[in-house]
Amino acid sequence: MSDLPKQEWHPRHNPWLITLTVMMAVFMEVLDTSIANIALPHIAGSLSATPEEATWVLTSYLVSNAIVLPMTGWLGNHFGRKRVLLSCIVMFTFASALCGLAWDLPTLIIARVLQGFGGGAMVPIAQAIMLESFPPQKRGAAMAVFAQGVVVAPILGPTLGGWITDSYSWRWIFYINLPVGILAVVLAKWLIEDPPYIKRNVAATIDYIGFGLLAVWLATMQIILDKGQGRVSLAEKFLPRVCWRRSRRIPIR
């Protein structure tokens, strides 16, 4: 009997309109994981940075994205899915504007971190909202549409980013998020609603120590995977600081 309200609930608006709304936000977020790849040389030249330093534009986004992802369930239960989605879209859109206005590389990296925080929870929350809007027999078709957007966006990113950078400026790869983000906020505010059987659990707690350790581990792993490949200097500079090298006592012959 406890599942009866859940089966009878239907959103007031067409579920496909809700899917279109969440897909706009998800497509924008996933697109930004790869759209800046081609623009890195232009970003480095414009901001007086080396190509090595410019890669932090990608790494910072992925690291912050990975850190906030495990908190999505708690955020949705504590604040409500609709509020979390709206907050994520607003933060992502605002950070995109900061990325386009960045006057130096540190500013751009900080803006990308904010962008990653806003986008990290966007995909799972959007997916949950979309699935709740459809009856069980139609969720497979909805997931197929959702998967197409998630797959196409990173493929389209380098091509679109290269064309925008060559035709206009690298700043416009971030500015294009502004109209999409504003429209997504308006549609989400109008169309999306939390089901009545999903109750906000304000009293729910989070393991802050565990989350902090998890965040450190995720950030470290992402940086090593992104920066450590093929770099001898990584072992030469960092490993001796944490490992005692007995080989130093052995004379070199």
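The value for the stretch 106-147 of Rg(Cα) / (2.2 N^0.38 Å) is 1.64. Over the stretch 4-206, the Kirkwood radius and the radius of gyration, each from Cα atoms, give a ratio Rg/Rh of 1.01.
A simple rule links phi to the HN-Hα coupling: the Karplus curve 6.51 cos²θ - 1.76 cosθ + 1.60 with θ = phi - 60°, which for the stretch 40-54 gives 4, x, 5, 5, 4, x, 6, 9, 6, 10, 7, x, 5, 5, 5 Hz, with x for Gly and Pro. The phi-based Karplus calculation (6.51 cos²θ - 1.76 cosθ + 1.60; θ = phi - 60°) puts the 3J(HN,Hα) values of the stretch 121-134 at 8, 5, 5, x, 5, 4, 5, 5, 4, 5, 5, 5, 7, 10 Hz, whole numbers, x for Gly and Pro. Extension gain, Asp194 to Trp163: 0.36 nm times the residue separation minus the Cα-Cα distance gives 7.2 nm. Restricted to Cα atoms, the stretch 82-129 shows a radius of gyration and a Dmax of 11.6, 38 angstrom. Among 143-154, 159-170, the peptide with the highest mean count of other Cβ atoms within 10 Å heads the list, and the full ranking is 159-170, 143-154.
In this structure, Ile209 and Lys138 have a Cβ-Cβ separation that, at R0 = 45 Å, corresponds to a calculated FRET efficiency of about 0.60.
If r is the Cβ-Cβ distance from Ile223 to Arg12 and R0 is 30 Å, what FRET efficiency results, to the nearest 0.05? Calculated value: 0.10. Each peptide in 128-141, 59-72, 107-120 receives the mean, over its residues, of other Cβ atoms within 10 Å, and ordering these scores from highest gives 107-120, 59-72, 128-141.
Shape verdict for the stretch 62-105, please, from the Cα gyration tensor: rounded (a/c under 1.5), prolate (a/b greater than b/c) or oblate. Since a/c reaches 1.5 but b/c is at least a/b, the shape of the stretch 62-105 is classed as oblate. Maximal additional length on extending the Thr50-Leu131 stretch stands at 24.7 nm, based on 0.36 nm per residue less the C-alpha distance.
Just so you know, all these numbers are worked out from the coordinates, no wet-lab data involved. Computed from a prediction, not measured in an experiment: that's the story for all the values here. When we count neighbours, we look across all protein chains shown, and the Cβ atoms used for this are built from the backbone with ideal geometry, even at glycine.
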